[in-house]
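J.: Quick one: the structure is below, and I'll ask about it shortly.
The values are calculated or read from the model by the stated rules, or taken from the named source; none is laboratory data. In this text, all values refer to a predicted model and were calculated from it rather than measured experimentally. Here Cβ is always computed from backbone atoms with ideal geometry, including for glycine, and neighbour counts include all displayed protein chains.
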Amino acid sequence: MPKNTLTIAAAATAAAALAVTALTALPAAADAPNVRKDRLVWSGCGDQSDPRQQCATVTVPLDYGDPHGEQITLAVSRIPAAKPGLRHGVLLTIPGGPGGSGLGIPGKAAGRLPQSVLDRFDLIGFDPRGVGRSTPVSCGLEHSDLSMVKLRPWPAADGSIDDNLETERRIAEACARNGGPVLRSISTVNEARDIDSIRRALNERRLSAWGTSYGTYAGAVYATMFPQQTDRIVLDSNDDPDPSRVGRGWLAAFGQGVEDRFPDFAKWAASPDNPDRVADTAEEVRPLFLSLAADLDRSPLPWPGADPAELNGNVLRETMMQSMYADSQFPALARLMLAALGRRPLPTPVTPPEQAVQNTIAVSVGTLCNDVQWPTDPAGYVKDVAADRAARPLTAGMPVNVMPCAFWRSASAEPPVKVTGRGPANVLLAQNLRDPATPYTGALKLRAAFGQRARMVTVDSGGHDVYVANGNACGDAAVTDFLVTGRRPAEDVFCPAE
């Protein structure tokens with residue numbers, strides 16, 4: 001596990017990294033026009049909402065070890081820089097997940113990013129291999145395995161993981177049977193290679209990137225594998241890069257992240273002017289939630305149209321986890337708690353399209369399981385779940401439970417990339433203090449792994465996503481200044497709550 005200090009190897013290269021800081025901190029060519037003709041054929045994106053957004057495809061090897069063998073296609077999108085005379089280059093947006101689509105991100109980001117960024121960068125999006133329009137994959141899972149309380153390994157009410165073991169084995173077998181060679185090729189290392197293939201297709205010498213959530217790990221791996229092709233790298237809501245755990249560590253981090261974040265919900269849920277108020281004081285909210293979850297474990301409420309068709313304890317817990325991502329999602333949890341108390345009707349269920357769920361799950365599981373070997377002994381998971389349920393009852397042991405990776409047949413022969421400080425000093429991390437999915441503790445480890453190559457902007461806020469997402473002017477200004485000028489803060493920055 002990375003320590004919060006420089007490793008010996010990083011320390012040995014710190015002087016070299018500092019030597020290039022002066023070069024990478026300067027605006028490229030004083031923001032002179034940087035218009036390069038790429039090799040892509042751009043056209044409309046069809047169902048993409050922003051009319052400025054254009055789409056193209058990039059052909060990449062299925063196996064980079066056989067570059068002239070079978071090829072697959074990646075879907076790429078762009079919104080050109082608003083002022084060609086100020087154009088600095090491209091800003092590639094790296095989606096989260098793993099398994100998230102990024103094709104529509106430029107159109108969404110264009111509505112939030114400051115004009116100074118839009119003037120200088122072509123915004124680039126892409127669907128990672130296997131996702132959406134990029135040679136999509138599916139494991140062909142049974143419909144009954146697509147509910148989130150199955151896909152996240154929530155233990156039974158008594159803490160048993162017997163059903164989880166059966167479900168995860170079944171999912172792994174379905175992926176082995178139906179996923180095909182594309183699913184077997186999915187990994188963060190190959191995503192980094194795909195990103196560099198996109199860079200070459202765009203005919204850019206260097207690439208700026210904005211990665212969020214899992215995209216921070218993919219971006220960190222890219223910056224480690226291709227350091228001299230990087231320009232201005234922003235990593236937002238950061239994953240722990242521990243190469244011995246990778247995705248297993250990210251899942252486990254939910255336990256700490258939810259504990260960090262829940263007090264924000266408790267304060268909101270007890271506010272006197274809140275129409276969805278659930279308790280008189282913030283101190284009452286946590287025991288109320290735990291009590292409701294336990295009651296629903298024993299006596300679920302029928303919920304016609306939902307999947308599963310009942311409100312049980314794990315459905316409440318899963319809703320709680322999802323609601324921690326943003327303050328705007330707090331009402332969903334509060335209203336479900338009020339429904340469990342008999343003070344509100346159950347909300348109308350929302351069911352996403354099954355094809356999209358199948359695709360997202362296949363890529364997510366493929367990435368988590370191909371990146372690194374997971375433990376295979378069920379007894380270890382039983383022990384970990386029991387300890388985690390006692391230490392962090394909000395998440396009831398789910399974050400350390402078994403996943404399909406324990407039964408996976410095709411983990412990559414390539415070891416995970418170890419992020420280091422070797423390369424230009426051109427990385428800026430942005431992190432909320434109380435992030436439920438990518439906790440601050442993990443961000444500190446990515447910051448330490450990069451050493452002098454990085455700076456970090458920490459925002460005293462809760463929720464997932466930082467830049468132009470939380471309304472914190474201090475944090476937004478630090479990231480914008482870096483993107484526009486190339487100058488990082490001289491030291492790490494702390495932004496108070498606003």
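J.: With (1) touching a residue at least 60 places away in the same chain (Cβ under 8 Å); (2) surrounded by fewer than 24 Cβ atoms within 10 Å (Cβ to Cβ); (3) of a type in the set (Gly, Ala, Ser) as the list, and residue 160 as the residue in question, which single condition is left unmet?
T.: Just one mismatch for residue 160, condition (1).
J.: If you don't mind, another one. So, in the stretch 102-128, of the ones that are in contact with a helix residue (DSSP H, G or I) (Cβ under 6 Å, 6 or more places away or on another chain) and assigned to a loop (DSSP other than H, G, I, E, B), which residue ends up farthest from residue 475 (Cα to Cα)?
T.: 128
J.: Name the residues in the stretch 223-244 that are over 16 Å from the mean Cα position of the chain (by Cα) and part of a loop (DSSP other than H, G, I, E, B), would you?
T.: If the condition is that a residue be over 16 Å from the mean Cα position of the chain (by Cα) and part of a loop (DSSP other than H, G, I, E, B), then 226, 243, 244 are the ones that fit.
J.: Just checking, how many residues over the stretch 50-78 are within 23 Å of the chain's Cα centre (by Cα) and either of a type in the set (Gly, Ala, Ser) or exposed (fewer than 12 other Cβ atoms within 10 Å of the Cβ) (or both)?
T.: Counting residues in the stretch 50-78 that are within 23 Å of the chain's Cα centre (by Cα) and either of a type in the set (Gly, Ala, Ser) or exposed (fewer than 12 other Cβ atoms within 10 Å of the Cβ) (or both) gives 2.
J.: Suppose we filter 172, 192, 176 for residues that are more than 13 Å from residue 60 (Cβ to Cβ) and touching a helix residue (DSSP H, G or I) at 6+ places or on another chain (Cβ under 6 Å); which single one remains? So that I can check it myself, show each step before the final result.
T.: Working: 192 fails: more than 13 Å from residue 60 (Cβ to Cβ); 176 fails: touching a helix residue (DSSP H, G or I) at 6+ places or on another chain (Cβ under 6 Å).
It is 172.
Per-residue answers, yes or no, for (1) among the hydrophobic types (A, V, I, L, M, F, W, C); (2) in a loop (DSSP other than H, G, I, E, B):
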{"position": "276", "(1), (2)": "no, yes"}
{"position": "279", "(1), (2)": "yes, yes"}
{"position": "285", "(1), (2)": "yes, no"}
{"position": "288", "(1), (2)": "yes, no"}
{"position": "297", "(1), (2)": "no, no"}
{"position": "305", "(1), (2)": "no, yes"}
{"position": "308", "(1), (2)": "no, yes"}
{"position": "318", "(1), (2)": "no, no"}
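J.: Now a separate question. Right, residue 278: under 27 Å from the mean Cα position of the chain (by Cα) and either at positive phi or not aromatic (Phe, Trp, Tyr) (or both) or not? Working first, answer last.
T.: Values: under 27 Å from the mean Cα position of the chain (by Cα): no; either at positive phi or not aromatic (Phe, Trp, Tyr) (or both): yes.
No.
J.: Moving on. Tally time: how many residues in the stretch 472-492 are outside any helix (DSSP H, G or I) and within 21 Å of residue 91 (Cβ to Cβ)?
T.: 5
Yes or no, residue by residue, for (1) of a type in the set (Val, Ile, Thr); (2) within 17 Å of residue 253 (Cα to Cα); (3) surrounded by fewer than 24 Cβ atoms within 10 Å (Cβ to Cβ):
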position: 406; (1), (2), (3): no, no, yes
position: 418; (1), (2), (3): no, no, yes
position: 429; (1), (2), (3): no, no, no
position: 433; (1), (2), (3): no, yes, yes
position: 439; (1), (2), (3): no, yes, no
position: 445; (1), (2), (3): no, yes, yes
position: 453; (1), (2), (3): no, no, no
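J.: If you don't mind, another one. Output yes when any residue across the stretch 124-147 is over 30 Å from residue 201 (Cβ atoms), charged (D, E, K, R) and under 25 Å from the mean Cα position of the chain (by Cα), and no when none is.
T.: Scanning the stretch 124-147 turns up at least one residue that is over 30 Å from residue 201 (Cβ atoms), charged (D, E, K, R) and under 25 Å from the mean Cα position of the chain (by Cα).
Here is a yes/no grid of residues against (1) out of contact with any Leu (no Cβ under 8 Å at 6 or more places or on another chain); (2) closer than 14 Å to residue 428 by Cα; (3) without any contact (Cβ under 8 Å) to a residue 12 or more places away in the chain:
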residue: 447; (1), (2), (3): no, yes, no
residue: 452; (1), (2), (3): no, yes, no
residue: 460; (1), (2), (3): no, no, no
residue: 467; (1), (2), (3): yes, yes, no
residue: 483; (1), (2), (3): no, yes, no
residue: 493; (1), (2), (3): yes, yes, no
residue: 498; (1), (2), (3): yes, no, no
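J.: For the stretch 47-69, state whether one or more residues are touching a Cys at 6+ places or on another chain (Cβ under 7 Å), assigned to a loop (DSSP other than H, G, I, E, B) and under 23 Å from residue 196 (Cα atoms).
T.: Checked the stretch 47-69: at least one residue is touching a Cys at 6+ places or on another chain (Cβ under 7 Å), assigned to a loop (DSSP other than H, G, I, E, B) and under 23 Å from residue 196 (Cα atoms).
J.: Something else: Looking at 170, 206 in this structure, which one is under 21 Å from residue 370 (Cα atoms), more than 22 Å from the chain's Cα centre (by Cα) and either at pLDDT 95 or above or of a type in the set (A, V, I, L, M, F, W, C) (or both)?
T.: So the residue among 170, 206 that is under 21 Å from residue 370 (Cα atoms), more than 22 Å from the chain's Cα centre (by Cα) and either at pLDDT 95 or above or of a type in the set (A, V, I, L, M, F, W, C) (or both) is 170.
J.: Here's something else I'd like to know. Can you name the number of the only condition in (1) exposed (fewer than 15 other Cβ atoms within 10 Å of the Cβ); (2) touching a residue at least 12 places away in the same chain (Cβ under 8 Å) that residue 281 fails?
T.: (2)
J.: Looking at (1) closer than 21 Å to residue 254 by Cβ; (2) of a type in the set (Asp, Glu); (3) over 21 Å from the mean Cα position of the chain (by Cα), which is the one condition that is false for residue 414?
T.: If we test residue 414 against (1) closer than 21 Å to residue 254 by Cβ; (2) of a type in the set (Asp, Glu); (3) over 21 Å from the mean Cα position of the chain (by Cα), just (1) comes out false.
J.: Do you know which residues across the stretch 323-377 are farther than 28 Å from residue 102 by Cβ, in a helix (DSSP H, G or I), free of Cβ contacts under 8 Å to residues at least 60 places away in the same chain and among the small types (Gly, Ala, Ser)?
T.: Within the stretch 323-377, 339, 340 meet the criteria.
J.: Another question, then. Does the stretch 165-178 include one or more residues that are among the basic types (Lys, Arg), closer than 25 Å to residue 253 by Cβ and either part of a loop (DSSP other than H, G, I, E, B) or touching a strand residue (DSSP E or B) at 6+ places or on another chain (Cβ under 6 Å) (or both)?
T.: no
J.: Which ones in the stretch 378-423 are part of a helix (DSSP H, G or I), over 24 Å from residue 172 (Cα atoms) and either free of Cβ contacts under 8 Å to residues at least 40 places away in the same chain or touching a Ser or Thr at 6+ places or on another chain (Cβ under 7 Å) (or both)?
T.: 387, 390
J.: State all residues of the stretch 129-164 that are at pLDDT 95 or above, part of a helix (DSSP H, G or I) and not acidic (Asp, Glu); if no residue qualifies, say none.
T.: Answer for the stretch 129-164, where residues must be at pLDDT 95 or above, part of a helix (DSSP H, G or I) and not acidic (Asp, Glu): just 164.
J.: Identify, please: which residue in the stretch 456-472 is on the phi > 0 side of the Ramachandran plot and of a type in the set (Gly, Ala, Ser) and is, among those, modelled with the highest pLDDT? First the steps, then the outcome.
T.: As a first pass, look at the stretch 456-472 and keep what is on the phi > 0 side of the Ramachandran plot: 463, 465, 468, 471.
The next check asks that each one be of a type in the set (Gly, Ala, Ser); those that pass are 463, 471.
Numbers: 463: 97, 471: 91.
If we take residues in the stretch 456-472 being on the phi > 0 side of the Ramachandran plot and of a type in the set (Gly, Ala, Ser), then 463 is modelled with the highest pLDDT.
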